[in-house]
1. Using amide H atoms built 1.01 Å from N in the peptide plane, name the residues 5+ places from Leu141, or on other chains, whose amide H lies under 5 Å from its own.
2. How far is helix 251-269 tilted off the main Cα axis of the chain, in degrees rounded to 10, range 0 to 90?
3. Just to confirm a number: summing +1 for Lys and Arg and -1 for Asp and Glu over residues other than Tyr254 whose beta-carbon lies under 12 angstrom from that of Tyr254, what do you get?
4. If the chain between Ala260 and His392 were fully stretched, how many nm would it gain, using 0.36 nm times the residue separation less the Cα-Cα distance?
5. Multiplying the sequence separation of Glu278 and Ala383 by 0.36 nm and subtracting their Cα-Cα distance, what value in nm do you get?
6. Any idea what angle helix 339-348 forms with the longest principal axis of the chain, computed on alpha-carbon atoms, 0 to 90 degrees, nearest 10?
7. Under a 1.4 Å probe, what is the accessible area of the range 445-488 per residue, stated in Å²?
8. Rounded to the nearest 10 degrees, what's the angle between the helix 19-33 long axis and the longest principal axis of the chain, both from Cα atoms, 0 to 90?
Amino acid sequence: MKILYYNWVDYLDPEKRGGGVTVYQRNLIEALAERPGWALSFLSSGIAYDLTRREPYVRELKADGATRRFEMVNSEVLSPGHLSFNNEASLHAEATTDSFRDFLNQHGPFDVIHFNNLEGLPAEVLALKRDYPDTRFVYSLHNYFAVCPQVNLWFQERENCTDFDGGRKCVTCLMFEPNTGGALKANALASMLKRVGIMPGTRLFNLAFRLAPGLYRFAKRLADRLRGASVEPAPATDEGLIRLVPETPPRSDYFARRRAVFCEYINRHCDEVLAVSERVKEVAVRFGIDRQRITTSYIGTRVAEGYRPPDTDAIRADLKGRDYVTLGYLGYMRRDKGFYFLLEALEALPPRLAARVRLVIAARLSDPVAWQRLQMLAEKFQAIDFADGYSHDTLEGIYRRIDLSLVPVLWEDNLPQVAIEAMAHGVPVLTSDLGGAQELGRCHPDFVFRSDDVDAFRAKVAHFVEQPVRLAAFWSQARVPVTMVGHLRQLERIYAGQNAVPHQHREAV
């Protein structure tokens, strides 16, 4: 079987971008590459640029064993997704689509094209299904880019977005407009450096990026002077007033059309849409993706290979008589991940309750104020242990100290890897009612609380502090984490067309 995988960033990216999707893609390719009869290729797009040429084109990278790697250069759609937030090319970009078609003609035909994202490509590439009716088009919902140009349905960096108000909320969603020109130049510089062997993380690479902005400003001023460009500001009116006029058409029209077009392309041209949790499926359906095309597919992880169902009798015996519980948070100091909600909730815990709680926090220290707040919390909690980030090598030691892992996300986090890792290490998970993490415990009511609700969180903590043996209840209905082997079995059925609604050819959008 010949398969093309697509994601906006290469799965061997030296800058380690792409988060959990990159890890998943790497694990998936490593697992499939070991199987006879599978020919794998990978394509990325939206981050490689060549300022000496304008047209998009695809170039081949160094192969990863038998897997061929390619990148599209000069895509009209910048990655990651928020850099193309209000870019019409996200929908239609003729040159990029033509380049993608040329690539398929040259290196295909493929039995399957599996899009792990659509960032970096225009949505209209899905309509190429008409040209390749025997190729299965599969799209995985690792995030919400198809229905949200900000990617995560996270409005103004402060709240879960449940209604985009016909596109009007999108207009004011981003707190800062993306510097697309700067991102393109930075990507072009990085592409050039890597092509000549200067890799990210090296002193030469870092030096080039420190010097580049000053050189660019100098060159621009010199060019403006040679052209005789004026640098004087335009004169203002005597009163300093500016008449505001409605935009024509309103920017909200684009965002409303964007969601409709993405959903239409997916519904018409994808043979199968994979949701990484049931919650993701419900969110996607709510925003316009055809339920009949969606299959829930919990991604496989290598960490699940060592999973063994915990001995609940031994857990109860260990917790019996305990007068404290240890709560753990592993992840990022980010508002959407619930870190700042967690700080607020911990600060609100009554001193008598907090005195029976130990904390383990493992998060890259990116906020000095958050560090000060943690230090102040140490005054009332039994103990607080902090790690400035973590790695897979330190996970086992960290989880050995934790009784209950916290995943207090404030957005519909598709399926947090940290929740799977906790379960794989025998640690139950207390999660908010947003996103897919709650499904790992099959939504056990004792282990789910209302998102962004301090009182609800406090009630759950008190429930376990009063009787720590209650933690063992998590395993009575916990879902077994999916291994790569189990995930591959499902993908094989999907790739073979044994799990999908038959695709019917339709006219282009």
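The values are calculated or read from the model by the stated rules, or taken from the named source; none is laboratory data. Not measured: the values here are computed from a predicted model. Virtual Cβ from ideal backbone geometry, glycine too; neighbours counted across all protein chains shown. For the accessible areas, the whole protein counts, side chains as well, though only heavy atoms, and no ligand, DNA or RNA atoms are used. Shrake-Rupley method; radii C 1.70, N 1.55, O 1.52, S 1.80 Å.
1. Leu274, Ala275, Val276
2. Approximately 80 degrees, to the nearest 10.
3. Values: positive: Arg168, Arg251, Arg257, Arg258, Arg259; negative: Glu88, Glu247, Asp253.
With Lys, Arg at +1 and Asp, Glu at -1, the neighbours total +2.
4. 43.5 nm
5. Numbers: separation 105, 0.36 × 105 = 37.80 nm, distance 3.68 nm.
The Glu278-Ala383 span can extend by a further 34.1 nm.
6. 30 degrees
7. Here the residues of the range 445-488 average 41 Å² of exposed surface.
8. Around 80 degrees separate the two axes.
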